[in-house]
Amino acid sequence: MQSKDLRKHFFNFFHSKGHARVASSSLMPDDPSVLLTTAGMQQFKKYYTGELDALEDFGSQRTVSIQKCFRTSDIEEVGDKTHLTMFEMMGNFSFGPVGSDEPEDDGKEGYFKRAAIHAGYQFMTEILGINPDRMYVTVFGGDAETPFDEEAYAIWRDEIKMPEDKIRKGPREDNFWGPTGEEGPCGPCTEIYVDDVEVWNIVFNEFFKDKSGMYHKAERPGIDTGMGFERLSVMLEGVDNVFESEIFHPIMVKINEIAPTVDDTVKRVFADHLRASTFLIADGIVPANKEAGYVLRRLLRRVMAYQIKYDVHADLFAEMVPVVKEIFGEIYPEINDTKRILDVFEGERVKFHEAVARGMKEIEKFETISGKDAFYLYESFGLPFELILELAPQSATENLKKEEFDEYFEKHQEVSRAGAGSKFGGHGLILDTGELKAGNEEEMKKVIGFHTATHLLNWALRHEFGDEVHQMGSDINPERLRFDFSFPRKMTPEEIQKVENLVNDKIDANLPVYFEEMPKEDAEKLGAVAFFKHKYPSMVKVYSIGSEASGGVVSREFCGGPHVEYTGQIGSFKITKEEAVSAGVRRIRATIG
């Protein structure tokens, strides 16, 4: 079965059972507790908690999607026949409240274990034509925190008629999922295996884990099903590994053309990292030294390190992006902006080669290189471990062990993860409004002022340079704001001053700041600016600055708030730095006072 047919059959099957089709959300999640989108259910988290209403937004309490996902835990494993960083997760979801749980029900209400298990088994056997003799299943066996899932076991045994020797009890690490982040919906799961390979995982979100680690019975039990699209494709196509599947075949053909002499492991690294990087950039992520940008930089620099090591002179980025577009552009239109993607690639390539030149000079200072030294070279100059081995004299790396380097790298990751949780200037997250976080009331007052100043800055840049300027990211803490935007060149001192003056003029005018809730379509008709990485529900908040009485609306944006009531409360605005983030993306840092 071809991948396009698998997509079609999957969507059609669950649509026939009352599920609304929902497009994939961005790899850059709205959820601040996670770095990247790691699961299909992530975009639906607020529907499980009841913060959003699926019936209102999608016309059904049931949805179906194929979500692009990214997991950093597999980066070091990429190069074998199975591991990927970016993958697609097929999923069908139910958010409750539970209505009918009959297997053949095709309504719009929520469902639970019976309907979910029957649907999964029916899709596998009737739609995909898989012989049940090739299958076995697992259920959660229970532990001290949550009990054995006796209900799921009974459904498989008594209703599906699965032989008991093919229903296996699994531990928590295999058969209990979630939550994403520190808290949220979670629960036991049942897995379907075909030929000893897990292809389907049905999570029964019947618990809610709070920040203290306690599990509570969920008020709105739901279903979260996940199937790896690539893994299922490999099984259906009967190929040996994911890189031989239809999904990767054109990519591997191109790599074999331009780098025929490198070994298969490196070719697979090229294929995975180039595809994943294309998708990350398309979703607005740019190379950086922390968080999601750090993940992207790591992928790109590993590719470039292997190019140096194996003497691959072709421009892999320019060669590969059109191939990825050809395969996925119709499904994920955001990757069709190949010029911007290639500009980011080129900007990082230039920075990397500059870093290599500096790093080689630093390497010459070492008579021997330890794991700690290797990590210093990696952290300071961006030199991947493999490239250090290639660039340093053999005598200097005789005792260099990858395990020691990995220890320092893991410590760095732990610090980064901790930093991500308190990234607002290192301040404790005592107050949390959803978009803004601060340690106390005074800090919250400051970050709210920065938030409104960011809207004014966005307006001023578009006023000065035109609507082709787009927000590419932002970060606010109690000391400063950071705003990334699309722009092809360095701003002149005169332009910086003009933008600063535009913002201060609107602050001095003491304009009113207010919001209205309205259908998303109405907001778009009004010309409200939306930061493209976010997924908005059908009803949105639109914050406006200025009114007809004050001379007209200056800024109008999709936003969850909060903001100051009048711009005069910001005080004053000062741009402290304007710099490049990558090719075609600039960054402004500013303070208020």
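Every number here is computed from the coordinates shown, using simple stated rules; none is lab data. From a predicted model like this one, the values you see are computed outputs, not experimental measurements. Note that we place each Cβ from the backbone using ideal geometry, even for glycine, and neighbour counts take in every protein chain shown.
For this structure, a couple of remarks:
- The chain: calculated mean residue ellipticity at 222 nm from DSSP helix runs of at least 4, using -39500 (n - 2.57): -12000 deg cm²/dmol
- Rounded, prolate or oblate (a/c below 1.5 giving rounded, otherwise prolate when a/b exceeds b/c) for the range 294-336 by Cα gyration tensor: oblate
- Efficiency of FRET from Cβ geometry, LYS309 and MET518, R₀ 41 Å, rounded to 0.05: 0.15
- Sequence-distant aspartates and glutamates (8 or more away, or on other chains) whose Cα lies within less than 13 Å of LYS161: ASP133
- Per-residue Cβ neighbour counts within 10 Å put ILE285, ILE369 in the sequence ILE369, ILE285, beginning with the fewest.
- Cα-centre dipole for the chain with unit charges at Cβ (Lys and Arg positive, Asp and Glu negative), debye to 20: 1360
- Estimated vicinal HN-Hα couplings, Hz - the range 21-27 in sequence order (Karplus 6.51, -1.76, 1.60; Gly, Pro = x): 6, 10, 5, 4, 8, 5, 5
- Here the gap between HIS463 and LYS498, fully extended at 0.36 nm per residue and compared with their Cα-Cα distance, gives a gain of 11.5 nm.
- Packing rank of 299-309, 263-273, where each peptide gets the mean count of other beta carbons within 10 Å, highest leading: 299-309, 263-273
- Residues in the range 59-73 that a label on ASN336 would reach, taking backbone N under 20 Å of a point 7 Å out along Cα→Cβ: 66-68
- Over 27 Å between alpha carbons, listed pairs LYS113/LYS169; LYS309/LYS402; LYS290/LYS498; LYS365/LYS402: LYS290/LYS498
- Cα-based convex hull volume of the chain per residue, rounded to whole Å³: 166
- Put a dot 7 Å past the Cα of ASP80, heading toward its Cβ, do the same for ASN131, and the two dots end up 2.8 nm apart.
- Helices meeting the span-like rule in the chain (full DSSP H runs, Cα extent of at least 24 Å along the helix axis, mean Kyte-Doolittle score of 0.0 or higher): 264-282.
- Cα-based shape type of the range 437-592, given that a ≥ b ≥ c are square roots of the gyration tensor eigenvalues and the cut on a/c is 1.5: rounded
- For the chain: relative contact order, % (alpha-carbon pairs under 8 angstrom, 6 or more apart): 10
- Annotation for GLU102 and LYS411: the two label points, set 7 Å from Cα along the Cα-Cβ direction, are 6.3 nm apart.
- Reachable aspartates and glutamates from LYS81, criterion Cα separation under 19 angstrom, eight or more residues apart if same chain: ASP195, ASP196, GLU198, GLU230, GLU237, ASP240, GLU244, GLU246, ASP263, ASP264, ASP272
- Theoretical FRET efficiency, 1/(1+(r/R0)^6), r = Cβ-Cβ of THR72 and ARG172, R0 25 Å, to 0.05: 0.70
- Inter-centroid distance (Cα atoms) of the range 165-179 relative to the range 506-567, Å: 47
- Computed extension gain for PHE148 through ARG21, at 0.36 nm per residue and net of the alpha carbon distance, reaches 42.4 nm.
- Taking the Cα centre of the range 3-237 as origin and assigning +1 to Lys and Arg Cβ atoms and -1 to Asp and Glu Cβ atoms, the resulting dipole is close to 460 debye.
- The equivalent ellipsoid that matches the C-alpha gyration tensor of the range 1-129 spans semi-axes of 26, 20, 12 angstrom, in descending order.
- Both radii were evaluated on the Cα set of the range 3-237; the Rg over Rh quotient, with Rh as the Kirkwood radius, amounts to 0.93.
- Once backbone amide H atoms are built at 1.01 Å from N, LYS68 has SER25, MET89 as its partners under 5 Å, excluding neighbours fewer than 5 places away on the same chain.
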